[in-house]
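A.B. asks: This is the structure I have questions about; it appears just below.
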Amino acid sequence: SFYYGTFPAGFLWGVGSSAYQTEGAWDKDGKGPSIWDTFTHSKGKVLSNETGDSACDGYYRVKDDIQLLKELKVNHYLLSISWPRIMPTGIKAEQLNEKGIQFYNDTINSLLENNITPIVSLYHWDLPQVLQEKYGGWQNISMINYFNDYANLCFEKFGDRVKHWITFSNPWAVAEKGYETGEHAPGLKLGGCAAYKAAHHIIKTHAKVWHSYNTTWRREQRGMVGISLTSGWGEPVDPHSQTDRDAAERYIQFHLGWFANPIYRGDYPEVMKNYVGRKSAQQGLGTSRLPTFSVQEKTYIKGTSDFLGIGHFTTRYVLQKSFPFLQVSSYHTDPDLAELVDPNWPAPGPKWLYSVPWGFRRLLNFIKTQYGNPLIYVTENGVSETVQCSQLCDEWRIQYLKGYINEILKALNDGVNVKGYTAWSLLDKFEWNKGFSERFGLYHIDFKNKNKPRYPKASVDYYKRIISANGFPSPREVESWQQKAMDTCSATHQHLAADSLITHMEMVTEIVLPTVFTLCILISIVLLIFYLRNHS
């Protein structure tokens, strides 16, 4: 049932995005190539062979996009820094890019001038390509020191103004999709222990960066360093079945626990160690494919998060499923489970993203119980559409935001320590291997128009009302919000249609007219040659 009430005073409302998905300018002003530049430039890796080369042109549109943030009346903006934009090869000793550093300085200053708090992620997947080529990226332990150098540079250059740092955004996807399935950059399908190895190095890197901040910068800058973990909720198919309950627990532990458990409890979840260890022994391996932490490492890693960032999008029903013995077991077969969805769950966008708000409250309560009720910022939550035509009247996104934000309010009443919410995302943007086919934005972008204009969807108006009211004050007030939001999008639709027509006419003028003119000249030349031949 829907719960009416407001959030505590001081609750932070925001939106987010990431560097590679929005900035563009992939090779401008001294930026080095990232693994995503290389990956998207290889044919067949991304839907329709699209790239983030220009993305939303965010590199050139900072002032415009900050105006959108002011329009939304958000308290904070979550952005990421592109490592190769400020350190082209990823190695501090080799080269720094002052223009890249200036770009982020200007962005941070503009946000603060407009009373918007920057929450900055150091890593949203765009590893410098040089580090991938030279060392194998996150498969190599040397990444720990290179990343720590980069993080310290960021603390030095921006830490006087940035007080909320995220070391890694969704490291699960970095490890699993980058090194196991190859769906994401660097596109490696290594199987076996590759995802576990990448995650192991990422967790150690996170801890090193936290300690660096703690010993060198904290006293002077008084900021916080956390990590942002993305996880769905796993609900047992049959809540009365112990095997299904155990399978659902494994689902959470193999997603969230994989990273959160070492940081909050000092080691990988027992169930991960047991299952991966057993499967490794069946394969005849001498040691588990899941690496181990030494006693010193466990102590060093435990407690290295001032807050926990949580990304959450959807839920699955989970049941026990034993995989036949495989010579090449991997992350996907290790937990012995199958995922199901309820066909009645709304799925407005892609096949993976079903709207199941109640799963969010359960996930937040799990975190509270499992990790000692840490300070939580919701760092990513939103829904996409896959429709090609411009969907400005995004009623399903309004329903999604309303449902999921309401579950956070219920979780707060359960005693969960949530301090802020970040809607994902500000703009329609480049969605990794899905290209521009999935659109998460509160603002629509017409990517066919070279100016990439931004248009507010109905959800902008609705989210703005939630922020202004700091929640859902009363049924009477909340019920009127949706209609008001839908009214605004009709007018914007007409504006977009007119702009699209102009863009179409410009394309005709720019492409068709020169082509016709060239053809006319060629035909004239041919006719002239025939004429001269006949008369000679």
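The values are calculated or read from the model by the stated rules, or taken from the named source; none is laboratory data. Everything quoted here is computed from the prediction, not taken from an experiment. FYI the Cβ positions are ideal-geometry reconstructions off the backbone, even for glycines, and counts take in every protein chain you see. We work out accessible area using only protein heavy atoms, side chains counted, and drop any ligands, DNA or RNA first. Shrake-Rupley method; radii C 1.70, N 1.55, O 1.52, S 1.80 Å.
A.B. asks: For 94, 220, what's the largest-to-smallest order of accessible area, 1.4 Å probe? Don't skip to the answer; put the middle values down first.
C.D. replies: Numbers: 94 95, 220 140 Å².
Heavy-atom accessible area, descending, gives 220, 94.
A.B. asks: Separate question: For the stretch 394-456 and the stretch 3-39, what is the separation of their Cα centres, given in Å?
C.D. replies: 12
A.B. asks: With no solvent and one equal point scatterer per Cα, compute the Debye intensity ratio I(q)/I(0) for the stretch 344-455 at 0.11 Å⁻¹ and report its log10, rounded to two decimals.
C.D. replies: Summing over Cα pairs of the stretch 344-455 leads to -0.41.
A.B. asks: While we're looking at this one, here's another question. Could you report the chain's accessible area per residue, 1.4 Å probe, as an integer in Å²?
C.D. replies: I get 41 Å² per residue for this part.
A.B. asks: Now for a separate question. Please give, to one decimal in nm, the separation of the simple spin-label points placed at residue 93 and residue 477, each 7 Å out from Cα toward the Cβ.
C.D. replies: My value for the distance between the label points is 5.9 nm.
A.B. asks: Any number yet on Rg/Rh for the chain, C-alpha, Kirkwood?
C.D. replies: 1.02
A.B. asks: Work out the length of the dipole vector of the stretch 5-473 about its Cα centre, built from +1 on the beta-carbon of each Lys and Arg and -1 on the beta-carbon of each Asp and Glu, and round it to the nearest 20 debye. Before the final figure, lay out the partial values.
C.D. replies: Working: 52 positive and 47 negative charges, 104 e Å.
Roughly 500 debye for the stretch 5-473.
A.B. asks: Related question: Using the Kyte-Doolittle scale, which helices in the chain average at least 0.0 and also have C-alpha atoms spread 20 Å or more along the helix axis, with helices defined as whole DSSP H runs?
C.D. replies: Numbers: long enough: 98-113 (22 Å, -0.54); 143-158 (22 Å, -0.07); 194-212 (27 Å, -0.32); 395-413 (27 Å, -0.37); 475-507 (48 Å, -0.65); 513-535 (33 Å, 1.78).
Span-like helices, by this rule, are 513-535.
A.B. asks: Hey, another quick one. With all protein chains present, how much of the accessible area of the stretch 1-117 (probe radius 1.4 Å) comes from carbon and sulfur, to the nearest whole percent?
C.D. replies: 49
A.B. asks: For the stretch 432-439, in order, what is each residue's ³J(HN,Hα) by Karplus, 6.51 cos²θ - 1.76 cosθ + 1.60 with θ = phi - 60°, in whole Hz (x at glycine and Pro)?
C.D. replies: Per-residue couplings from phi come out as 6, 6, 8, x, 9, 6, 10, 10 Hz.
A.B. asks: Follow-up question, since we're still on this one. Classify the stretch 1-149 from the C-alpha gyration tensor, please: rounded if a/c falls under 1.5, else prolate or oblate depending on whether a/b exceeds b/c.
C.D. replies: prolate
A.B. asks: Which net charge results when you count Lys and Arg as +1 and Asp and Glu as -1 among the other residues whose beta-carbon is under 13 Å from that of residue 317?
C.D. replies: Around residue 317, the surrounding residues sum to -1.
A.B. asks: Now a separate question. Just grab the label-to-label distance for residue 216 and residue 469, each label 7 Å out from Cα along the Cβ direction, in nm (one decimal).
C.D. replies: So the label points at residue 216 and residue 469 sit 4.7 nm apart.
A.B. asks: Between residue 42 and residue 365, what is the label-to-label distance in nm when each label sits 7 Å out along the Cα-to-Cβ direction?
C.D. replies: Between residue 42 and residue 365, the simple spin-label model gives 4.5 nm.
A.B. asks: Please label the shape of the stretch 177-238 as rounded, prolate or oblate, based on the square roots a ≥ b ≥ c of the eigenvalues of the alpha-carbon gyration tensor (a/c under 1.5 means rounded; beyond that, a/b larger than b/c means prolate, else oblate).
C.D. replies: Oblate, since a/c reaches 1.5 and b/c is not below a/b.
A.B. asks: In square angstrom, rounded to the nearest 10, how much accessible surface does residue 490 have for a 1.4 Å probe?
C.D. replies: 60
A.B. asks: Leaving ligands, DNA and RNA out of it, report the carbon-plus-sulfur percent of the accessible area of the stretch 229-272 at a 1.4 Å probe.
C.D. replies: 50
A.B. asks: While we're here: I need the calculated FRET efficiency for the pair residue 517 and residue 148, taking r as the beta carbon distance and R₀ as 60 Å, to the nearest 0.05.
C.D. replies: Plugging the Cβ-Cβ distance into 1/(1 + (r/R0)^6) gives 0.55.
A.B. asks: By its C-alpha gyration tensor, with a ≥ b ≥ c as the square roots of the eigenvalues, how is the stretch 1-76 shaped: rounded for a/c under 1.5, else prolate for a/b larger than b/c, else oblate?
C.D. replies: Since a/c reaches 1.5 and a/b is larger than b/c, the shape of the stretch 1-76 is classed as prolate.
A.B. asks: I would also like to ask the following. Restricting to the chain, compute how many DSSP beta bridges are antiparallel as a %, nearest 5.
C.D. replies: Close to 25 percent.
A.B. asks: Provide Rg over Rh for the stretch 157-297; use the alpha carbon set for both Rg and the Kirkwood Rh (inverse mean inverse pair distance).
C.D. replies: Working: Rg = 17.3 Å, Rh = 16.8 Å.
Over the Cα atoms of the stretch 157-297, Rg/Rh equals 1.03.
A.B. asks: For residue 71 and residue 109, what does the FRET efficiency come to when R0 = 22 Å and r is the distance between their Cβ atoms, rounded to the nearest 0.05?
C.D. replies: 0.65
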